[in-house]
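> Input: one structure, supplied below.
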Amino acid sequence: MEVMAPDGHRTALARLEYELTLFSRHYLAAVQHRADQQLDRSAYLILTRLEAGEPLSLKELSDAFRLDLSTINRQVAAMRRHGLVERVPDPDGALARKIRATRRGLDMLAADRSQSTSGLAKVVEEWAGADVEELSHLVQRFNESIERLQHNPWPRPHQPSEPAIKPGNSPNSP
């Protein structure tokens, strides 16, 4: 079902779709060609999720990533073999074991994140700080809108657990 929008809005949405396509292409290409990248994409994402909160069961990870349980199981098994994650008892006493990032996994994530941040700094080095901050807020807002539509919020460790813009409110609301 296509959402009807005024022509200007439709044009902006077409530009946004095109730019997001390019963004995806540029970002994935940059990540894949980093010589010192230690983690594959799935390990980076899973460790990022585990770093942001409590240990999770395979089912909880599967739900968070909207992936089949067998896919998450294979990815976590590979990560366990490399010492990036470990199984721990459920703190609530349930039978299912939880998955927690190891110190090694978090150290590798920090190293890869530092590389990624340095790469981003090169891209925006001529931007005003306010422009970088604005882009960061807009991308966060975009991601939170997706999360709200999918009923799948993602924790953000660098801020309180409350979203920057609460569902139903716009940044211009009183």
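Only the coordinates and a few stated rules stand behind these numbers; no lab work does. All values reported here derive from a predicted model rather than from experimental measurement. So basically every Cβ, Gly included, is an ideal-geometry build from the backbone, and we count neighbours across all protein chains shown.
> Give me the net charge of ARG80's neighbourhood, meaning all other residues with Cβ under 10 Å from the Cβ of ARG80; Lys, Arg count +1, Asp, Glu -1.
+1
> What relative contact order, as a whole-number percentage, does the range 1-154 give when Cα pairs under 8 Å and 6 or more residues apart are counted?
About 20 percent, as a whole number.
> Quickly work out the SER114-to-ARG148 label distance, labels modelled 7 Å from Cα along the C-beta direction, and quote it in nm with one decimal.
Here the modelled spin labels are 3.7 nm apart.
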